[in-house]
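As structure tokens, the structure follows; a few thoughts come after it.
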Amino acid sequence: MRDVSQKIRRLLYIVPYVAKHPLGVPVDQLAKLLGAEREELLADLDLLSQVGPPDGDPGEYLLVSVDEGRVFVELAHRLTRPLRLTPAEGCSLLLGIRALRESGIAPFDDSLQSAEKKLLTALGRDATEAETLATSTVVASIETSADAAVAKHLKELVTAARTSSRVEIDYASASRHQAEHRPFDPYGIVHHAGEWYVVGFCHKRGDVRTFRIDRIVELLSTGTKFERPAGFDLEAYRRDRLYVPSADAVTVRIQLDPLAVTRIGITWPVGEVTMQDDDSAELLVDCEGFEWVTGWVLGLGRHAWIVGPPEAREAMRERIARLHTDLAAT
């Protein structure tokens, strides 16, 4: 009976101890730790490989193996510890879900509401504390940053789109340095290639148009309501219009050295990327005007440059000259 008791205690010790070591435990070290002979330990391990629920399939059994003199144990799904979130972690997820639900940007209100309920259920007894943290948390923004105006306009346009409220905007396009005044009915907000856009009916042009929010100089609410066309599909418009360059687009060729490639990471603009043997890259991107592309390349410093076409290189030279003039003036 004593031998059986010792064997059970060894088995109960082996599983959690070895499972905590993803690189395995040497057989001899484990045998010494347990005060058992090597052959005796190997017999125990063989027995453990047969442990599992009576009604389970082989995938629910303990996976015990000995490879190159090391013991490995992988726990079956039923035996692993369930995911647990702290109240602070639950609060973070709640804030993210609720921010999306209230933004008007994500068209998945029902799914997000369902996700919130599942999250609160998973939190169990910590759900109340997580809710309290989420309710009392204030997300602050830095109003002195250059992005503050974009954030303000984005919030106002989301509200205007949800409430079908007409606005008036002063918009500076890439091809013009002077802003134009436009009455505008915002239908919705989309995000593309790292930029926010608002899609809606431009009364100046008499058609549905897309405007980059960071180029909106001024935005005013008119207090007038509009009726969004019943057949308008924001997702279809984004897919068909925003992601397909117009006939006036110019393909710009950009060369990037390895450091620039590293800085960009996964946040490439929409375009054709060709990686080269020395870890540098060539990017082909379609542009309507050169304001954005010259600014993007300048942001990478001497690690990126425009190869062509000539008009894009000339636009870059002009922009650099303007920067020098502005710096001299200050």
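Counting only helices (runs of 4 or more DSSP H) wholly contained in segment 248-330, the ones carrying 2 or more residues that are in contact with a Leu (Cβ under 7 Å, 6 or more places away or on another chain) occupy 258-264.
Of all residues in segment 52-74, none satisfies being hydroxyl-bearing (Ser, Thr, Tyr), modelled with pLDDT of 80 or more, surrounded by 15 or more Cβ atoms within 10 Å (Cβ to Cβ) and on the phi < 0 side of the Ramachandran plot.
The set of residues from segment 281-314 being of a type in the set (D, E, K, R) and surrounded by fewer than 18 Cβ atoms within 10 Å (Cβ to Cβ) comprises Glu282, Asp286, Glu288, Arg302, Glu311, Arg313, Glu314. Restricting segment 29-44 to residues that are out of contact with any Leu (no Cβ under 9 Å at 6 or more places or on another chain), in a helix (DSSP H, G or I) and within 16 Å of Gly69 (Cβ to Cβ), the residue that is least open to solvent (accessible area, probe 1.4 Å) is Leu42. Considering segment 199-210 alone, what residues qualify as being open to solvent by 60 Å² or more (accessible area, probe 1.4 Å) and in a loop (DSSP other than H, G, I, E, B)? Residues satisfying the conditions are His203, Lys204, Arg205.
Cβ-Cβ distances below 6 Å connect the following pairs, each with a first residue in segment 211-224 that is under 10 Å from Glu168 (Cα atoms) and open to solvent by 70 Å² or more (accessible area, probe 1.4 Å), a second residue that is of a type outside the set (Phe, Trp, Tyr) and part of a strand (DSSP E or B), and a separation of six or more residues or different chains: Glu218/Asp170; Leu220/Glu168; Ser221/Val167.
Look at Leu219 and say whether it is under 29 Å from the mean Cα position of the chain (by Cα) and modelled with pLDDT of 85 or more. When the stated conditions are applied, Leu219 passes them.
Within segment 306-330, residues that are closer than 15 Å to Trp296 by Cβ have Cβ atoms under 8 Å from residues that are of a type in the set (Ser, Thr, Tyr) in these pairs: Ile306/Thr294; Ala312/Thr294; Ala315/Thr294; Met316/Thr294; Arg319/Thr294, counting only partners at least 6 apart in sequence or on another chain. Residues that are modelled with pLDDT of 75 or more and loosely packed, with under 14 Cβ neighbours inside 10 Å do occur in segment 160-172. If we scan segment 269-280, do we find a residue that is charged (D, E, K, R), surrounded by 12 or more Cβ atoms within 10 Å (Cβ to Cβ) and touching a residue at least 24 places away in the same chain (Cβ under 8 Å)? No - not one qualifying residue is present in segment 269-280. For segment 4-28, filtered to residues that are basic (Lys, Arg) and surrounded by 15 or more Cβ atoms within 10 Å (Cβ to Cβ), the residue that is farthest from Asp67 (Cα to Cα) is Lys7. Here Gly90 fulfils each of the conditions (1) at pLDDT below 75; (2) open to solvent by less than 40 Å² (accessible area, probe 1.4 Å); (3) closer than 30 Å to Val208 by Cβ apart from (3). Evaluation of Met1 against the conditions (1) open to solvent by 90 Å² or more (accessible area, probe 1.4 Å); (2) modelled with pLDDT of 75 or more; (3) of a type in the set (A, V, I, L, M, F, W, C) shows that the sole unmet condition is (2).
Need the failing condition index for Leu259 against (1) modelled with pLDDT of 85 or more; (2) under 24 Å from Ala172 (Cβ atoms), just the number. Going through the list (1) modelled with pLDDT of 85 or more; (2) under 24 Å from Ala172 (Cβ atoms), Leu259 breaks only (2).
The values are calculated or read from the model by the stated rules, or taken from the named source; none is laboratory data. Note that the structure is a prediction, hence the values are computed from the model and not measured. Methodologically, a virtual Cβ is constructed for each residue, glycine included, from the backbone with ideal geometry; neighbour enumeration extends over all protein chains shown. With ligands, DNA and RNA removed, areas are computed over all heavy atoms of the protein, side chains included. Shrake-Rupley method; radii C 1.70, N 1.55, O 1.52, S 1.80 Å.
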